[in-house]
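Taking it in order: structure first as structure tokens, then the write-up.
Since every read-out is calculated from the coordinates, none of them should be taken as a lab result. As the structure is a computational prediction, the values presented were derived from the model and not from experiment. Methodologically, a virtual Cβ is constructed for each residue, glycine included, from the backbone with ideal geometry; neighbour enumeration extends over all protein chains shown.
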Amino acid sequence: MADPMRIRANMTGDKVEVKALMAHEMETGLRKDAKGNLVPSHFIRNVTVTHGGKTVLSAQWGTSISKNPFMHFRFKGGKPGEKVTISWIDNKGDKRTDEATIASGS
Amino acid sequence: MDAKRREVLKTGGGVLALAAATGILKPGEGLAQEWNKAAFDTRSVSDTIKALGGSGSSPSGAIEITAPDIAENGAVVPVAVESKLPRTQAIAILIEKNPNTLSAEFEIPAGTDPFVSTRVKMAETSNVYALVIADGKYFHAVKEIKVTIGGCGG
């Protein structure tokens, strides 16, 4: 099981600002190891962010998203104390779901 | 797309079906989502747009790409895209000179700002396209990012 994501969800005005950092190798399948063998691709393919049962962002990714992917976006309709849930699944079927509580922000 | 490539695609599908059959991938569980393999396999901007369902795209001044002019490290290039086009449904990031053009596609439901920011890998200096689907139409903006150290080498 992959390491937990780091998720921050803060109110900015009437919007929830979400920043997430996922722990993942994001291997392209093009890189060679020290012995010259190709390292098989291993990358997150789908990311879904939900709030109150509604999807607020869904993404499909290729191999060219950086290692330990970062994602930042904003949505309307959230309130402090509510949860934002982020899930990902990679090309090997590994998956991870984490949630964060919306903070009132500054 | 040549015949050999089709063979590879078929085999890929077979592996997925096998994974599903053996219960590695449980259908309908959690994130049961499609992944547009055809789009992520494309090797040019025009092919990617086609694979994403468009016939072409128009340049738009209402799309803003925020990224460095020069990336010191191609492995981590911050790219943000903001669309001011009404009814923006999706934002995709395309890197023309990467081995595979399409980097990411974000679907933007109503209520979510037409803005995404992430970090991408770039093999070499390239034009980066932000493709926006708004009200069923395809638009793009482009920005060249110079890379001094590639991000896909080993």
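Take every residue in peptide A:69-77, count the Cβ atoms of other chains within 10 Å of its Cβ, and give the average of those counts.
Average neighbour count from other chains, rounded to a whole number: 6.
Compactness of segment B:39-114, taken as the C-alpha radius of gyration over 2.2 N^0.38 Å, stands at 1.15. Per residue of peptide B:112-124, the mean number of Cβ atoms on other chains within 10 Å of the residue Cβ is 6. Pairwise alpha-carbon distances in chain A exceed 16 Å for 58% of all pairs. Listed by chain and number, the aspartates and glutamates whose alpha-carbon sits under 14 Å from that of B:Lys146, ignoring those within fewer than 8 places in the same chain, are B:Asp69, B:Glu72, B:Glu96, B:Glu124.
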